[in-house]
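Each value in this text was obtained by applying a stated rule to the coordinates, not by laboratory testing. Just so it is clear, the structure is predicted and the values come from calculations on it, not from any experiment. In this analysis, Cβ positions are derived from the backbone assuming ideal geometry, glycine residues included, and neighbour counts consider all displayed protein chains.
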Amino acid sequence: MVRLAYGGDYNPEQWPEEVWHEDVALMREAGVTMVSVGIFSWAMIEPREGEYDFGRLDRIVGLLHDNGIGVDLATPTVVPPAWFYRAHPEALPVSREGVRWEFGSRGAICHNSPAYQEAAARVTRALGERYGKHPAVTMWHVHNEYGVPVLECYCETSAAAFRRWLRERYTTLDALNAAWGTAFWGQTYHDWEEIAPPRLTPTVCNPAQRLDYRRFAGDSALANFRRERDILHELSPGVPVTTNFMVSPTQCDTIDYWAWAREVDIVTNDHYLVAEEDRNHVNLSMAADLTRSVAGGAPWLLLEHSTSGVNWQPRGIAKRPGEMARNSLAHVARGSEGAMFFQWRASRAGAEKFHSAMVPHAGTDSRVWREVVELGAHLGALEEIRGTRTVADVAVAWDWQSWWAQKLEWRPSEDLDTRERAEAWYAALFDRHLTADFVHPGTDPARLAEYPLLVVPALYLTTKAAGENLRAYVEGGGTLVVSYFSGIVDEHDAVHPGPHPGALRDVLGLTVEEFQPLRKDQKVTVGAAGRPALEGDVWAETVVARGAETVWSYTDGPAAGGPAVTRHRLGRGTAWYVSTRLGRDGLDAVLAEACADAGLAPRDELPHDVEVVRRSGEHGTYLFALNHTGADAKVPLEGAGTELLGGERVAGHLAVPAGGVRVVRLDG
Ligand code: GLA
């Protein structure tokens with residue numbers, strides 16, 4: 001990227017050409033540097049099969065180029081034209097219930113359909129040939145948000161592709177039968193042709209089959225991404241190819257972004273603030289940290305978010321003044337090389353006409369537009385941060401596949417919730433002003449060793465190898481904090497042999513004799529001499545310490561008298577285990593001690609809900625301070641620096657007005 005990216009999805013095909021000229025003039029006024037074009041333009045550029053009409057796209061790309069605005073050019077393969085479905089109705093995806101989704105919306109794609117794959121490759125090639133070397137094209141945007149709204153298709157073509165995928169993975173039917181545990185409920189397969197997708201079954205379907213189907217569906221979509229990417233690499237050498245992710249446990253649960261991030265030239269992400277959520281800025285930061293983490297710490301780009309209300313949420317709650325800038329700059333603080341929006345100009349027609357935009361229906365005499373112009377200027381003033389990397393203090397383990405597995409039916413309590421625990425532990429770290437990287441549990445212990453503290457909020461599926469990594473991390477001196485219902489099953493959703501938590505018994509120095517799920521609304525208390533009593537709900541366990549010391553014990557409930565929170569000294573490090581669902585204060589109490597073990601000093605001098613994050617690079621360190629409260633705040637500064645949004649010198653402390661953002665280039 002040559003500049004910090006600022007702009008949005010631009011859909012000029014929805015407007016007469018005279019509006020385009022107004023658009024580019026306004027883009028210049030707002031300091032727009034790049035727009036995403038053509039995401040839904042297949043029907044425009046290929047009105048009939050094999051017949052291309054690039055007239056309008058040529059003029060749009062040319063106009064943007066003449067005005068110095070970069071083009072993030074999309075392959076339009078998320079919405080094949082109506083003519084395509086007329087010729088190939090079999091390319092429409094089928095739900096698990098056996099219902100075929102129809103044309104008339106978007107994303108109705110069976111990723112295993114040969115007709116779709118061929119047509120998508122053709123239109124990608126045509127675009128690459130025409131625009132691959134066009135100087136306006138700064139990035140390629142393949143497809144749109146793989147994984148939403150539909151990833152898994154259950155049609156016959158997909159069934160055949162699934163069988164091929166299984167043969168490659170397992171080679172023999174014996175291996176498949178063993179992995180899926182088909183001896184249970186008499187499901188043994190004697191011929192590959194007997195195997196079908198996990199369609200609707202009278203009662204719970206084989207969980208290992210379901211887990212593999214999710215993996216298979218992701219691989220099918222990824223193969224389609226790769227096909228388009230490779231065509232663009234061939235025809236447009238040197239131009240980065242991306243596809244917009246939805247890295248947020250709140251917004252997309254179908255894609256394993258650890259795997260996908262390895263396939264793109266730059267990670268880009270779409271994030272929509274859950275407007276109604278209390279302290280929604282915390283989950284925004286979590287999504288941004290997770291995005292940076294799948295990118296391996298490298299700079300990434302926020303490709304979509306909203307200027308204000310989002311029409312697909314139950315209530316399209318408008319952002320408060322200053323909130324859009326705070327949201328944007330929070331992403332930037334956590335590694336984004338700019339801030340882009342859906343979309344440039346609010347649509348008059350269609351399903352998203354009540355979605356906010358950079359140019360709202362109210363036009364330019366509006367708060368949103370004034371803030372859009374101001375944000376453009378702010379990003380202009382931050383140009384020098386490009387290429388710097390966010391500095392993390394601690395790590396959190398996250399694995400999409402474990403989340404998928406945990407969400408399947410008939411777990412020991414329907415209140416177990418991977419996402420909820422990940423968010424709760426992340427929030428507890430956020431409240432201690434600790435910036436978190438996320439790590440895949442398969443990460444090499446040598447890399448894990450970079451973090452003094454590693455939190456495992458919910459890792460139901462933990463492979464043997466991951467368990468060994470975590471053990472090596474602790475033995476090498478790390479401080480590990482593991483929350484309940486982690487380490488239970490292997491990659492096939494089979495319980496590890498022996499007592500729970502099979503993959504983590506050794507590192508935690510304990511076994512779990514019995515799960516003790518709590519009744520709805522039941523609470524338990526855990527106590528410890530000289531420590532505050534804490535409250536848990538949802539879950540308890542009969543824990544048997546086997547090397548670990550008991551720090552908090554259950555004082556009531558089904559596990560009364562037994563260990564509730566334990567600490568295991570192992571090698572040069574420490575492993576904590578928390579066997580109940582603690583609330584905010586409880587998590588903080590455990591973290592306070594774990595942070596002390598990890599040598600992380602408290603940051604009590606930083607005000608609550610004032611987010612302080614650093615980006616650092618060869619040429620300096622930048623401190624971002626975002627005040628999410630309604631009161632002016634002061635952030636202590638070691639030394640002095642220059643505030644980039646206002647230009648003034650600051651020393652000793654930084655004043656951050658209520659709702660405001662400050663960015664300081666630190667001296668030295
Ligand atoms: C997604 C899509 C966009 C648009 C926005 C609306 O992120 O990529 O096309 O639908 O949602 O929030």
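A few remarks follow.
- Furthest towards positive pole of dipole, F162, G309, G561, structure part the chain, Cβ charges: G561
- Rounded to 0.05, the FRET efficiency of the R389 and R169 pair, given R0 = 41 Å and the Cβ-Cβ distance, is 0.70.
- Of all beta bridges that DSSP places with both ends in region 33-239, some 20 percent have antiparallel geometry.
- Filtered trypsin sites (Lys or Arg not before Pro), region 48-154: DSSP coil and at most 12 other beta carbons within 10 Å: none
- Across region 610-666, Cα pairs under 8 Å and at least six residues apart give a relative contact order of 39 percent.
- Stretchable slack from A529 to H653, in nm (0.36 nm times residue separation minus alpha-carbon distance): 40.7 nm
- By the count of other C-beta atoms within 10 Å, a proxy for reagent exposure, K353, K407 are ordered fewest to most as K353, K407.
- Karplus (6.51, -1.76, 1.60) ³J(HN,Hα), θ = phi - 60°, over region 183-190, in Hz, Gly and Pro reported as x: 4, 6, 6, x, 9, 3, 9, 10
- Percent of beta bridges antiparallel (DSSP, the chain, rounded to nearest 5): 55
- Taking GluC sites (Glu not before Pro) across region 241-281, the ones in a DSSP loop with at most 11 further Cβ atoms lying within 10 angstrom of their Cβ are E276.
- On the basis of the beta-carbon distance and an R0 of 56 Å, E409 and M44 show a calculated FRET efficiency of 0.80.
- Between the amide H of S36 and those of G8, D9, Y10, D72, distances stay under 5 Å, these residues lying 5 or more places away or on another chain, with hydrogens modeled in the peptide plane.
- Centre separation in Å (Cα based) which lies between region 169-204 and region 100-144: 35
- Cut-off 13 Å, label 7 Å out along Cα→Cβ of E234, residues of region 123-142 by amide N: 123-129
- Across region 560-567, computed HN-Hα scalar couplings (Karplus, 6.51 cos²θ - 1.76 cosθ + 1.60, θ = phi - 60°) run 3, x, x, x, 10, 10, 10, 9 Hz from first to last residue, x flagging Gly and Pro.
- In a fully extended conformation the segment linking T642 and D431 would gain 73.3 nm over its present Cα-Cα distance, using 0.36 nm per residue.
- Per-residue ³J(HN,Hα) for region 623-636, Karplus 6.51 cos²θ - 1.76 cosθ + 1.60, θ = phi - 60°, Hz, x for Gly and Pro: 9, 9, 10, 10, 9, 8, 9, x, 10, 4, 9, 10, 10, x
- Residue order for L504, L382, L166, fewest other beta carbons within 10 angstrom first, comes to L382, L166, L504.
- Distance (nanometres) between label positions extended 7 Å along Cα→Cβ at E450 and T555: 4.3
- Potential extension, D265-K464 segment - 0.36 nm per residue separation minus Cα distance: 68.5 nm
- Rounded to the nearest 0.05, the FRET efficiency derived from the C-beta distance between R226 and D53 at R0 = 30 Å is 0.60.
- CD proxy at 222 nm, helix term only [per DSSP H run n ≥ 4: -39500 (n - 2.57); per residue of the chain; nearest 500]: -9500 deg cm²/dmol
- Residues of region 10-40 with amide N under 14 Å of a point placed 7 Å along Cα→Cβ from R348: 12-20
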